[in-house]
Amino acid sequence: MPEDVILVVEDDGQQRALLGEFLSAKGMKVLSAGNCLEAEHICRTKRPDAAIFDYELPDGNALDLMRRVRILDPEMPILILTGQGSIQLAVEAVKLGADQFLTKPADLPTLLVLLQRSLENHRTRQLRLADRSRIQRDIPDPFVGKSTRIRELAEIAQKIVNTNSPVLIQGETGSGKGVLARWLHQNSPRAAHPFVDLNCAGLSKELLETELFGHEKGAFTGAVQSKVGLLEISHKGTTFLDEIGDLDVQVQPKLLKVLEDKHFRRLGEVRERLVDIRLVAATHRDLRDLVRQKAFRDDLYFRISTICLSVPPLRERVEDIPVLALRLLDRISVDLGVPRVEISDEAMRYLQAYPWPGNVRELRNILERAVLLGDRKMLTARDLHFDVRADSDGLDDGSITTLEEVEKKYIARTLKILGGQVPEAAKQLGIPRSSLYNKIKNYRISLGTKRESPGAGESASDEMEE
């Protein structure tokens, strides 16, 4: 278990050293400060697990310091030591969030017990918060944002959520198809019954059949006991088949029978079983193309595509990225048990400029990595590390890339799409023309037949824009 980091704020050097040596001997890492300014800097940059403040400090007192520190970390345990204790002072300190208020000289063993108790209580609160977050994630919101595409998706989903008709969710990998499927179940009349999911990708015919339909003892070699299939488990609930485009062609007619007749047989069984399910299927593939290739049955396709929902890729809902990123950061902070992390305007612009081949899942991963590796309360552009993969616009270099490379390639792509029109590109990228001209010059981006530097009039007017 990582050692606890304790901040000791005491202007008396001898007392500060004594307390630091005592806590270090008990296995804690000690950070020291002699005034409020130093303490605030340490809290901002080092994130201590707890703090001990002397009340009287050269540039303020412990209550002043607490007010400033609570902005940076609302939950950090704080103990206050004072040589002039009073009930009124103690009450005010507790109101501001102090865990303990002790008079000096403090008994060190007692101080240690109170500090350890405060740390333990803090960890318990964080665990409870994380547990609540995990429960909340069971009811995710697939409609974060205000883009036209996401609002249209929400409107259609609200209309069909109470029906029993099969639903086909189409969208790229990582775009949130599974989140939408779970939302459809949890907001439907079937919410009190099971939601079971199966990813069909890469599963053999035999494994698919036994997972979906179950089997009887002795149905095949190795079937030493009967097994209940997912269809049976999800009776009166929802069955979610992810990547249904990979469903084995020999299993497809059996699934169709379930949808049409509500009956099925376990492998090795004679009698039919009744099952009442709602099927939600998802795929990133073009099922109509698979039908033309005879890789997917047309009758099953028509049956499962009664209602089609299309989840837009993240690059087509750029205006949703800020609110989505902030929502994800809140969730990540709770999951990791760290204070809420903010994000700079520059970093947000980079998030909006990136093409997101991995969609929302990739956004979550990049933000979580930034929170884990960063040591600040504010994520900056330098904290973001993109994994640029193949896409139709030539942004792939096959490996982790720098922010400068991402920016250069994205600017070049934008200019190419807009025919080298710098004013239009600047508007699209959300930056002044003068800034874009500077980036074009620094990155040596060719504009083809277009001039590569602004005239005097453009440069002057753009400086005014900035």
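Summary of values
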read-out	value
Neighbours by Cβ (under 7 Å, 6+ apart or cross-chain): first from region 156-177, among the charged types (D, E, K, R); second assigned to a loop (DSSP other than H, G, I, E, B)	E172/H284; E172/P313; K177/G171; K177/V311
Breaking point among (1) among the charged types (D, E, K, R); (2) within 25 Å of G358 (Cβ to Cβ); (3) surrounded by fewer than 16 Cβ atoms within 10 Å (Cβ to Cβ); (4) modelled with pLDDT of 75 or more, for R444	(2)
For I52: the one exception among (1) of a type outside the set (K, R); (2) in contact with a strand residue (DSSP E or B) (Cβ under 8 Å, 6 or more places away or on another chain); (3) over 24 Å from V113 (Cβ atoms)	(3)
Residue within region 283-306 that is part of a strand (DSSP E or B), out of contact with any Ser or Thr (no Cβ under 9 Å at 6 or more places or on another chain), closer than 23 Å to R182 by Cβ and aliphatic (A, V, I, L, M) present	no
Evaluation of V291 against (1) more than 22 Å from L184 (Cβ to Cβ); (2) under 21 Å from the mean Cα position of the chain (by Cα); (3) among the β-branched types (V, I, T) (one fails), failing number	(2)
Elements of type helices (runs of 4 or more DSSP H) contained in region 1-87, each with 3 or more residues being under 19 Å from Q100 (Cβ atoms) and more than 36 Å from the chain's Cα centre (by Cα)	13-25
Selection within region 100-118 - without any contact (Cβ under 8 Å) to a residue 24 or more places away in the chain and within 36 Å of the chain's Cα centre (by Cα)	Q100, Q116, R117
Check on V30, aliphatic (A, V, I, L, M) and in contact with a strand residue (DSSP E or B) (Cβ under 7 Å, 6 or more places away or on another chain)	yes
Some residue of region 334-349 being closer than 29 Å to E155 by Cβ and assigned to a helix (DSSP H, G or I)	yes
Among residues of region 285-325, those that are in contact with a strand residue (DSSP E or B) (Cβ under 8 Å, 6 or more places away or on another chain) and surrounded by 17 or more Cβ atoms within 10 Å (Cβ to Cβ), counted	6
Boolean, Q158 is over 18 Å from the mean Cα position of the chain (by Cα) and farther than 24 Å from L255 by Cβ	yes
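For (1) more than 20 Å from R297 (Cβ to Cβ); (2) touching a Ser or Thr at 6+ places or on another chain (Cβ under 9 Å); (3) of a type in the set (K, R), each residue gets a yes or a no:
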{"residue": "S175", "(1), (2), (3)": "yes, no, no"}
{"residue": "N187", "(1), (2), (3)": "yes, no, no"}
{"residue": "G222", "(1), (2), (3)": "yes, no, no"}
{"residue": "T238", "(1), (2), (3)": "yes, yes, no"}
{"residue": "L259", "(1), (2), (3)": "no, no, no"}
{"residue": "R271", "(1), (2), (3)": "yes, no, yes"}
{"residue": "V280", "(1), (2), (3)": "no, yes, no"}
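The values are calculated or read from the model by the stated rules, or taken from the named source; none is laboratory data. In this text the structure is predicted, and so the values were computed from the model without any measurement. With ideal geometry, Cβ positions are generated from the backbone for all residues, glycine too; neighbour counts draw on all protein chains shown.
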